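Laboratory data are not the source of any read-out in this text; all were calculated from the coordinates shown. Computed from a prediction, not measured in an experiment: that's the story for all the values here. Virtual Cβ from ideal backbone geometry, glycine too; neighbours counted across all protein chains shown.
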Amino acid sequence: MKQNISFFIIIFLIYSCDKNKDIEITSKQKIDIEQYTISKDSIIKQNKDKRQFVESPKLIKKINLSNLEIYRPYVYKCNNGYLYIFDYSSFKIHKINLEYFKEVDVFGSGKGRGPGEFINVNDIIFDKKNIYISDGRKRTIEVYTKKGDYVRNIKTNKAYPHRVMIYKNQIVIYNLFDLINPLYVYNKKGDFIKKTGGPLFDKELDNYYYYESNIIKTSNNSFLQIPRILGLIVSYKNFEINLVKETIDGRQDPKHRGKPTLETAANSKINDNNLILYRDNRKTQTKSDQFFDIYNNNSLEYKYSFKIDKNIVYFNIHNNLLICTDDKLDFIYVYNIENL
């Protein structure tokens, strides 16, 4: 086991330095395997062991992104009837009305390391007044009002704010490069409060997680951590793990000897009733291995799956609309998922 841990640290450092050469890694972190191991007996299986596919949703709208002067869309987020898209061609945020699908605003200070500027946007979240935009390369969260006015800059120092969430009126970031406690908590003024959470170990599969996770708030007291590659959904209550459940694919062993190909949750979103995971097998790159899996929000029980005739790159949910773009990045496709 010690040899496996040493091998992991080396692979982790190579991966991290290759992705962002200016990132400082705390390579001397010591991992208490017993403390963070998730035992096989504590992982709950899905009641169903095979996918059940339903009819594909109906395409109701197709929007040309070039008409909106968006050429490299990257992050899609919905809030209060608006779609926010970060565009890597202009390094600005486009705000689109979801009722009429008309652009109503473009804001941001462009590319750079200054206040309100962006280098590598990873996530966008909202509270009642403001928008919080995480930038991993800058180690900051840039705060704007929903009208597009710049407010302030929250420095996360060495922490890489990959994913962000508002939970208990605090800002929680998923620090991609902390091996031990990846969840960092700040108040909205930007003061650091604590770090918590933990890596996901599985002794039987002889692996643990170092790749990306989404974090999604589900209620006032609960949120989910969803790794892209392990085939697990982890539920937290008050920052303590209270439930670990397999996806319909079951636990996956990425083996850490090359980039994993099967992403059991390449992306994940939530609406009032459902958790929606996009499953993508990058080894085959065929539409037959790319589809949406639907789970119950509360029980995390698998319900059904559906496919659409696109290789999806980004997607989001607004009420009963699935809003997405494919690998060509030239159109927004809007599907009605109300009756699924």
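Before moving on, here are some points about what is shown:
- Under the convention that each Lys and Arg Cβ holds +1 and each Asp and Glu Cβ holds -1, the size of the dipole of the stretch 75-216 around its Cα centre is about 640 debye.
- From least to most packed, judged by other beta carbons within 10 angstrom and beginning with the fewest, Asp326, Asp135 follow the order Asp326, Asp135.
- Taking each residue as 0.36 nm, the span from Asn169 to Asn67 lengthens on full extension beyond its C-alpha to C-alpha distance by 33.0 nm.
- Measuring r between the beta carbons of Lys48 and Asp309 and using R0 = 30 Å, the FRET efficiency lands at 0.75.
- Computed extension gain for Asp330 through Arg282, at 0.36 nm per residue and net of the alpha carbon distance, reaches 15.2 nm.
- Loop-resident chymotrypsin sites (Phe, Trp or Tyr not before Pro) (DSSP state other than H, G, I, E or B) in the stretch 41-75 with no more than 16 further Cβ atoms inside 10 Å of their Cβ: Tyr71.
- The simple Förster model, with R0 at 30 Å and r as the Cβ-Cβ distance, assigns Asp253 and Asn220 a FRET efficiency of 0.30.
- Förster-model FRET efficiency, 35 Å R0, Ile60 and Val151, C-beta, rounded to 0.05: 0.50
- Sequence-ordered 3J(HN,Hα) estimates for the stretch 233-250 from the Karplus curve with 6.51, -1.76 and 1.60 and θ = phi - 60° stand at 10, 10, 9, 10, 10, 6, 6, 10, 5, 10, 7, 10, 10, 6, 7, 5, 6, x Hz, glycine and proline given as x.
- Relative to the current alpha-carbon distance between Asn242 and Lys102, full extension at 0.36 nm per residue lengthens the span by 46.2 nm.
- Inter-label distance, Ser299 to Asn320: 2.3 nm, where each label sits 7 Å from its Cα along the C-beta direction.
- Three-way shape label, the stretch 209-251, alpha-carbon gyration tensor, a/c 1.5: prolate
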